[in-house]
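A.B. asks: Take this structure, written in C-alpha cells, and hold onto it; I'll ask about it next.
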Amino acid sequence: MQFYLDGYEPGDPRIARPLPVAPERGEQPPDTTDVLIVGAGPAGLVLAAQLAAFPEVRTVLVDRRDGPLAVGQADGVACRTVEMFEAFGLADQVIAEGYQVNEVTFWRPDPQDEASIVRTGRVDDVEEGISEMPHMIVNQARMLAFLREHTARSAGRAEPWYGLHATGVQVDPDPAAEYPVTVTLQEIEGGGTRTVRARYVVGCDGSRSAIRKAIGARLQGDSTHQSWGVLDVLAVTDFPDIRLKSAISSAAGSILIIPREGGYLVRLYIELDNDRDSAMLRDRSVTPEKLAEVADRILHPYRIDVRDVGWWAVYEIAQRVCDRFDDLPDDLPDDLPDDAAARLPRVFIAGDACHTHSAKAGQGMNVSMADAWNLGWKLGTVLRGTSRPEILRTYSTERQAVAQRLIEFDREFAALFSDRDAEPEKFQHYFREQGRYTAGVAVRYGPSVLTGEPAHQHLAEGFPVGMRFHSAPVVRLADAKPMHLGHAARADGAWRLYAFADRAHPAAADSRLRALCDVLPDLVARFTPPTADPDAVVDVRAVLQQGHRDVEVHDLPPVLLPRKGRFGLVDYEKTFCPRPGEDLFDRREVDREQGCLVVVRPDQYVAQVLPLDAYADLADLLGGSLVPVR
C-alpha cells in the first residue's frame, strides 16, 4: 500500500485522515444524503466500503437488526470474492483467519451394503491456475466485521445505524429535484418514524425486501419444497473426512460437510426427507438435537457426536430472481433521448433482495457482494462527477443476467446433489466442469457502454473482454518487488490502462509503448479534474518484456512516473516486468510483437483489448462513460 503522499504522519496508515467538514454522527441518520443503503449485510457493507473510497460522497447505512450480526449465515468465500477483498486491502485477514478449501471428497451408498457409505472420489476443489486466491470458509459475521472496520477507518468514518426498518419509498419525478428519493424509516424499538431524502437508494434488505416491494419488482421462480437443516457444530466423529469438504449422498439422505475456521468447527448441511422427517417439518418441531440425529443416520456406518452447537437454522430451497434490479419502468417509450432523466434509475436492489437460492453451491454471499461492487463504483463516480449518469442503467442489465445464470446453476446443482440414483462419476464430473463458476470467475458481461466488442481479442487471449482481469505474477521495476499485477489496483473507482509493451526497449525510438505514452497524457487529462491526481480517473500502468535489471527508471516516459499530491512526489509503482520462469506474456497469451492495451473497469472487468496505436478507439471507449472536463 502507498501512503505519506501529503506528509508523514505516525500511526496506522490504514486509518484515513477524517474529513475536515465531516458532520458529527448523531443518534439518528441525517435528513439528507447522497446514497441511502438499506441493509448492513454482505451487499450493503460492500457497497458502503466501495463508497468509502469517495469521501466527498455522503453515505447513510441503516439496518433493522439491533446490532452487528454475531454468528451464522453464509460462510463460503469464493476465489473471486477474495480477489475483491484484496482490492479493499482485506484479503490477508480473510486468508489468515479462514479455512482454506483444498480438496473435495464424494461419498455414495456402498454397492455391497446400501445402508452404508463409501468414498467414491476425491478431487482438487479449485482448478490449478484459476486464481491466485484460494477458496475460503469464513463466518459471514467476520466478513461483515472486516468491512465495517474498513468503512470506519475511511475518511468519512461511516458506520451503520441499527434498529431502523424502511417502510416506504417515494421518488420525485422532477429531474431537477436535488434529493428525489424519500424513504420512511421506522424504529424497531419504540415505533417512531423519520424520513431521509437521498439522491440514490439501494435496498440490500434481504429476501423480504421492503425496497423491492416499494419499486414494484417481484421475485419470480419456484420453491423446490426441499428442506435442509444447517448446523455449525463442535463434534467428535469417526468419519474420516470431517476436515475436508465432503458431498455425501446415502440411502438415508444427503449431507454437505464444510469444515470451518479454527480447526474444530464444522458446518453440516443436512437434507430433511419429506416423508421420513415430515412430522417435525409439519409441526415446526425441528431442533439441533433432531438435526444431529438425521446427520448420524445419513453418515452410517460412521457416527457423529455433537458436543456443542454454535448456530443452526432450517430453510426451504427457493430459486427466484427479479426481472429488474432498479426502479426504471418496463414501459419506457423508445423515443426518449438517451440522456433523459426519466431513463435514469434512482432506486436499486442488490443481493437477496433480488435473487434467492440454496446455500449448498456457496454462491449467495459471493454474488451479493459482487452485485454491490458492480453498483458501488458506478454510484461513486457518477456522484463525483467523473462518470456519466447513464452508466447506472448497466447495473440491472449486467447483474440480472448473472443472477439468472445463478438460479439455473443452483437448480441443476441442487437436483444432482440430492439424486441418489445419479452415477458418482456424473456428479464429480459436473463439480469439476462447474469449478470456474463456483469460484466466481466465469462471469462475462456483454457489450455495452462499459464493455466493447472483442475485435482485438487475439492480442491477449488470456484477458477475455467482459471477464475479470486475471492477475499474474510480475516484478515491479522500481524496487524489484515480486508481486501480482492485479494487486497493485485498489477499489478506488479508477479505470486502469495496462499497456503490455512490444519487444522494443521502452526508451527506443521505435517503441510502440513509448508512442502510446506520448499520446496518453492529453487523453487522460481530458477526463481528469484539474485538482485531482493524474491517475485518479484513468490509471496508466505498463508491463515490459525486458527483465527488471535490463531497464532503468529514467528510461520510462513521464506518464509512467506521474507526479502526485501537494508536494508533486513521483509515483514509481506503475511499471512491471516479467517474473523469471513465470512470464506473464506467455501465461496470458499476449502478442509479443505488437503488444496491446488492456482497458480494465474499476471493478476489475476487462472493458476492451486494443492495439497500442488504437488511440481513437481508446478515446471513444473512455468517452462513452467518462465526463470530459475540457
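A.B. asks: Does Val138 count as within 30 Å of Asp296 (Cβ to Cβ), touching a helix residue (DSSP H, G or I) at 6+ places or on another chain (Cβ under 8 Å) and either of a type in the set (Phe, Trp, Tyr) or surrounded by fewer than 18 Cβ atoms within 10 Å (Cβ to Cβ) (or both)?
C.D. replies: It is false that Val138 is within 30 Å of Asp296 (Cβ to Cβ), touching a helix residue (DSSP H, G or I) at 6+ places or on another chain (Cβ under 8 Å) and either of a type in the set (Phe, Trp, Tyr) or surrounded by fewer than 18 Cβ atoms within 10 Å (Cβ to Cβ) (or both).
A.B. asks: Now, a different point. Would you tally the residues in the range 164-186 being open to solvent by 60 Å² or more (accessible area, probe 1.4 Å) and more than 18 Å from Gly44 (Cα to Cα)?
C.D. replies: So the answer is 9.
A.B. asks: Could you list, in sequence order, the residues of the range 23-66 that are small (Gly, Ala, Ser), more than 18 Å from Arg490 (Cα to Cα) and modelled with pLDDT of 95 or more?
C.D. replies: Gly39, Ala40, Gly41, Ala43, Gly44
A.B. asks: Also, quick follow-up: Scan Val475, Val465, Val402, Val441 and give me the residue that is buried (at least 16 other Cβ atoms within 10 Å of the Cβ) and without any contact (Cβ under 8 Å) to a residue 60 or more places away in the chain.
C.D. replies: On inspection, the qualifying residue turns out to be Val402.
A.B. asks: Now for a different question. Which of the strands (runs of 3 or more DSSP E) contained wholly in the range 206-291 include at least 2 residues that are in contact with a helix residue (DSSP H, G or I) (Cβ under 9 Å, 6 or more places away or on another chain) and of a type in the set (Ser, Thr, Tyr)?
C.D. replies: In the range 206-291, the matching strands (runs of 3 or more DSSP E) lie at 219-237, 245-250.
A.B. asks: Looking only at the range 287-308, which residues are open to solvent by less than 50 Å² (accessible area, probe 1.4 Å) and in contact (Cβ under 8 Å) with a residue 40 or more places away in the chain?
C.D. replies: Pro288, Leu291, Ala292, Val294, Ala295, Ile298, Leu299, Ile304, Val306, listed by residue number.
A.B. asks: With Ala16, Ala40 as the choices, which residue is under 21 Å from Thr195 (Cβ atoms) and either aliphatic (A, V, I, L, M) or free of Cβ contacts under 8 Å to residues at least 12 places away in the same chain (or both)?
C.D. replies: Ala40
A.B. asks: Going by what's in this entry, would Leu556 be described as at negative phi, open to solvent by less than 60 Å² (accessible area, probe 1.4 Å) and under 28 Å from the mean Cα position of the chain (by Cα)?
C.D. replies: No: the conditions fail for Leu556.
A.B. asks: Take Arg25 and decide whether it is open to solvent by 30 Å² or more (accessible area, probe 1.4 Å) and of a type in the set (Lys, Arg).
C.D. replies: In short, yes.
A.B. asks: What strands (runs of 3 or more DSSP E) lie completely within the range 493-607 and have 1 or more residues being in contact with a His (Cβ under 9 Å, 6 or more places away or on another chain), more than 18 Å from Leu626 (Cα to Cα) and touching a residue at least 60 places away in the same chain (Cβ under 8 Å)?
C.D. replies: 575-578, 596-600
A.B. asks: Has the range 87-102 got at least one residue that is over 14 Å from Met143 (Cα atoms), within 14 Å of the chain's Cα centre (by Cα) and not aromatic (Phe, Trp, Tyr)?
C.D. replies: Yes, the conditions are met somewhere in the range 87-102.
A.B. asks: Hey, another quick one. When you check Ser246 against the structure, is it under 28 Å from the mean Cα position of the chain (by Cα) and either open to solvent by less than 30 Å² (accessible area, probe 1.4 Å) or without any contact (Cβ under 8 Å) to a residue 12 or more places away in the chain (or both), yes or no?
C.D. replies: Yes, satisfied.
A.B. asks: Given the criteria crowded, with 24+ Cβ neighbours inside 10 Å and either of a type outside the set (S, T, N, Q) or closer than 29 Å to Thr531 by Cα (or both), does Leu61 qualify?
C.D. replies: When the stated conditions are applied, Leu61 passes them.
A.B. asks: So Ala74 clears everything in (1) surrounded by 19 or more Cβ atoms within 10 Å (Cβ to Cβ); (2) in a strand (DSSP E or B) except one condition, right? Which one?
C.D. replies: (2)
A.B. asks: Does Leu612 satisfy the criteria of being crowded, with 22+ Cβ neighbours inside 10 Å, in contact (Cβ under 8 Å) with a residue 40 or more places away in the chain and of a type outside the set (Gly, Ala, Ser)?
C.D. replies: When the stated conditions are applied, Leu612 passes them.
A.B. asks: Give just the number: which of (1) surrounded by fewer than 22 Cβ atoms within 10 Å (Cβ to Cβ); (2) under 12 Å from Val599 (Cα atoms) does Ala499 not satisfy?
C.D. replies: Here Ala499 meets the rest and fails (1).
The values are calculated or read from the model by the stated rules, or taken from the named source; none is laboratory data. Treat the numbers as computed from the prediction; the structure is a model and nothing was measured. Quick reminder, even Gly has a Cβ in these numbers, built from the backbone with ideal geometry, and neighbours come from all protein chains shown. Just the protein is used for accessible areas: all its heavy atoms, side chains included, with ligands, DNA and RNA removed. Shrake-Rupley method; radii C 1.70, N 1.55, O 1.52, S 1.80 Å.
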